[in-house]
Structures are given as C-alpha cells and as structure tokens.
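Here's the structure we're looking at; comments come further down.
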Amino acid sequence: MEWLTWIFMEVKWLITDFPKPENLSKLVAYVGPFWIYAALAGIVFAETGLLVGFFLPGDSLLFACGMLAAQDVLNIWVLNVVLMVAAIVGDAVNYALGYKMGARVYSQGNLWFIKHDHLMAAKAFYERHGGKAIILARFVPLVRTFTPFVAGVARMNYGQFVWFNVAGGIGWVISMTVAGYLLGNVPFVKTHFEKIVIGIILVSILPIVFHGVQHWLGKRRAGRIAAANPEETSVAPNSEITTSQNPYQPSQTKEPRVD
C-alpha cells in the first residue's frame, strides 16, 4: 500500500503545490523553461483532452504562469501559444474519444458516471444553444473536462465544434494568463494567490449562472402559459430531441421508392 500513498502524495502536490508561482519559479531555474513549457502543455492537454485528467489544475496554473511571465521567468508569447495549442488539441481529442465511444455508451446506457438521460439532455442542450456551451465550459473546473466528450458522444456537428473549441481555448488561456501577467507584481496578489484564483473562477462562471437563471425563469413562464391555455399548448409536440432518441440508431423512416 506504500505505492498508493506515494501516488496520493504526488497527486496532492501536483494539485496544491505545483501551480504556486514560487514552486514553478524554482522548477524553471532547475530544469529550464523548455521542459516547463512541455510540462504545462501536457497538464493542460490532459485536463481538457483526457477524462482521467479532471483533477489537474487549470485556472490556477494558467494564472500562476502569467504571474511568472510578469516577472520575466517565462515568456508571455511563447506561453500563450503553447497553452492555446494544448487546450485546443485537448478538446479535439476529447471530442474524438466521445465520438468513437458514443455507440458503446448508447448501447450500454451509460459509461462510468455518465447516464444515458444526461447524454440525451446534453445533445438537446447543444442543439438549442450551439457553441455557447463549449465556450462557457472552458471557465468551469471539471465541466471543461467532460463537455467536449459529451459533445462527441451526442454527435454535435464537428465543424461547429471546431470554431467554438478554438474560440474557447484561446479565450480561456489568454484571459487567465493575462490576468496573472497584469496582477503578477501586485503584493496583495502574491500573498493571497489562492483567494485570487477562487475569485477569478467565481467571476468566470457568472455568465453560466445568469444563463441558468434565465433558462429557469423561461421554463416557469412557459409552464404558467401552458397552464392558462391548455388547448393552445397541446396541439403538437415540439421538434426538440427527447431523452429516448438515439443518434446512433438508423432512421426508421423509409425513403420513397424511385422506379
């Protein structure tokens, strides 16, 4: 069991201590910036591209890197290019995994902790709201790891996914690193690093909270209208996808015969 303890301690260090600017600065001095860029790219790729990377640091790591760039420990231009590529490629790989494993997910009804109903609800959400889900998910820990996978499982249009993946990846990396770059030499930020990162995360998810409240109010309003006018609202079902539909199942509609 000693090896499990060792793994646990290493993972804990990676999550809590590695993203701290002082530790990153020491590592840069010890191994050189090239290997740090490579390690940062690997972490960002794993968090966004592999389901098992959901626990890895994201926002705090990018913010800390921006702080080091402000202190000339890292180059802000190289940093952004490397991390943007890693984030975009990571989401693309995650989408591909979901796309390839989608048929298995639907045939089994679930995959690990992802339930069938949740997958179908995600598909309906993507088709209603388009790329906003891909972009906003970038700024929410845990959610950004699973969103591209579920998008692939739900067969979101890949051309649409690519554009929002690129926009989300660039926006996420630049916003976090530039924030660290601009605030990197502020004494209060240096001494309250963890609190600043938490504050940034809370601010970044405000659009999602606002959208959720909007959606909830819309459903309540629609419910009141339906209750007041039952005859008008029960004419025909809408065309939105229901949780019973399977995008991997061949269509049952027969094509008209051409002689």
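The values are calculated or read from the model by the stated rules, or taken from the named source; none is laboratory data. Values in this document were obtained by computation on a predicted structure and should not be read as measured data. Here the Cβ positions follow ideal geometry from the backbone for every residue, glycine too, while neighbour counts run over all protein chains shown.
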Q | Tally of residues being in contact with a Ser or Thr (Cβ under 8 Å, 6 or more places away or on another chain) and within 17 Å of Val186 (Cα to Cα) across region 67-84 | A | 4
Q.
Would you confirm whether or not region 218-228 contains a residue that is within 26 Å of the chain's Cα centre (by Cα), of a type outside the set (Lys, Arg) and either at pLDDT 90 or above or more than 15 Å from Ile135 (Cβ to Cβ) (or both)?
A. yes
Q: Show the residue pairs that are 6+ apart or on different chains and have beta-carbon atoms under 9 Å apart, the first residue being within region 57-73 and modelled with pLDDT of 90 or more and charged (D, E, K, R), the second being surrounded by fewer than 24 Cβ atoms within 10 Å (Cβ to Cβ) and part of a loop (DSSP other than H, G, I, E, B).
A: none
